Amino acid sequence: QVQLVESGGGLVQPGGSLTLSCATPGFSRDYWTIGWFRQAPGKEREGVSCFRLRDGITIYRESVRGRCTISKDNANNTVYLQLNSLKPEDTAVYYCAAAFGSLDTRTWSNQKLYRMWGQGTQVTVSS
C-alpha cells in the first residue's frame with residue numbers, strides 16, 4: 001500500500017535549520033510528483049516545493065527559494081526538505097503529498113492534483 005509519513009519537525013530558533021523527511025514506500029516508479037506544503041496558523045495551505053520523480057526537476061515557491069532544498073534518497077524512497085535560515089513566518093504544519101504525473105510550474109501547487117497526503121509535521125520557529 002502507498003503511504004506517506006512525515007517526520008523531522010520541531011522547535012528551532014530564527015536562523016536555524018531543519019530537515020524534514022517524507023517516507024514514500026510504494027513510490028519507486030517515476031510517474032509521481034512529491035510535493036511539500038505547509039499551513040501556518042490562520043493561513044491557507046500553500047505549496048513550498050516539489051520534486052518530479054521522472055527527471056528530478058525541482059520547483060520552489062519564491063519566498064523559500066535559496067533557503068530550501070528538496071531531494072530524494074532513492075535507496076530508501078525518502079524525500080527530504082532541508083530548510084535553512086528559518087524565519088518565524090516559516091512556522092507551520094508541513095505536509096508531504098503525492099500527485100500522479102509530472103507536474104510543472106503551472107500545476108505543481110494545485111492541491112487538488114495531490115491524491116495522497118501525509119499526516120503533517122509541526123515546524124515552529126521561535127526564540
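The values are calculated or read from the model by the stated rules, or taken from the named source; none is laboratory data. Model, not experiment: these values are computed from the prediction. In this analysis, Cβ positions are derived from the backbone assuming ideal geometry, glycine residues included, and neighbour counts consider all displayed protein chains. Calculation scope for accessible area: heavy atoms of the full protein, side chains included, ligands and nucleic acids excluded. Shrake-Rupley method; radii C 1.70, N 1.55, O 1.52, S 1.80 Å.
There is at least one residue in segment 89-97 that is under 11 Å from the mean Cα position of the chain (by Cα), modelled with pLDDT of 95 or more, aromatic (Phe, Trp, Tyr) and open to solvent by 20 Å² or more (accessible area, probe 1.4 Å). Residue-level check: of (1) in a strand (DSSP E or B); (2) open to solvent by 30 Å² or more (accessible area, probe 1.4 Å); (3) over 17 Å from residue 90 (Cα atoms), residue 19 misses just (3).
Filtering segment 79-94 down to residues that are outside any strand (DSSP E or B) and among the hydroxyl-bearing types (Ser, Thr, Tyr), which residue is farthest from residue 65 (Cα to Cα)? My answer is 91. Can we say residue 69 is within 15 Å of the chain's Cα centre (by Cα), surrounded by 15 or more Cβ atoms within 10 Å (Cβ to Cβ), closer than 21 Å to residue 43 by Cβ and not aromatic (Phe, Trp, Tyr)? Criteria not met by residue 69.
Taken over segment 55-66, the criterion of being surrounded by 13 or more Cβ atoms within 10 Å (Cβ to Cβ) and farther than 14 Å from residue 84 by Cα is satisfied by 57, 58, 59, 61.
Matching residues to (1) farther than 19 Å from residue 124 by Cα; (2) touching a residue at least 40 places away in the same chain (Cβ under 8 Å):
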residue	(1), (2)
6	no, yes
55	yes, yes
75	yes, no
88	no, yes
91	no, yes
108	yes, yes
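Just give me the residues in segment 17-42 being modelled with pLDDT of 95 or more and of a type in the set (D, E, K, R), in sequence order. Listed by number, the list holds a single entry, 38.
Select from segment 33-50 the residues that are closer than 21 Å to residue 101 by Cβ and either open to solvent by 30 Å² or more (accessible area, probe 1.4 Å) or assigned to a loop (DSSP other than H, G, I, E, B) (or both) and list them in ascending order.
Of all residues in segment 33-50, those closer than 21 Å to residue 101 by Cβ come to 33-37, 45-50.
Listed by number, the residues that qualify are 45, 46.
Tell me, yes or no, whether segment 44-59 has at least one residue that is under 12 Å from the mean Cα position of the chain (by Cα) and among the acidic types (Asp, Glu). So far as segment 44-59 goes, yes, one or more of its residues are under 12 Å from the mean Cα position of the chain (by Cα) and among the acidic types (Asp, Glu).
I'd like the residue in segment 1-16 that is surrounded by 14 or more Cβ atoms within 10 Å (Cβ to Cβ), part of a strand (DSSP E or B) and not polar (S, T, N, Q) and, out of all such residues, is modelled with the lowest pLDDT. Residue satisfying both the conditions and the ranking: 5. If residue 26 satisfies every condition in (1) of a type outside the set (Phe, Trp, Tyr); (2) open to solvent by less than 60 Å² (accessible area, probe 1.4 Å); (3) touching a strand residue (DSSP E or B) at 6+ places or on another chain (Cβ under 7 Å) but one, which is the exception? Unmet for residue 26, out of (1) of a type outside the set (Phe, Trp, Tyr); (2) open to solvent by less than 60 Å² (accessible area, probe 1.4 Å); (3) touching a strand residue (DSSP E or B) at 6+ places or on another chain (Cβ under 7 Å): (3).
Among the residues of segment 104-127, the ones that are open to solvent by less than 20 Å² (accessible area, probe 1.4 Å) and in contact with a helix residue (DSSP H, G or I) (Cβ under 7 Å, 6 or more places away or on another chain) come to 2 in all.
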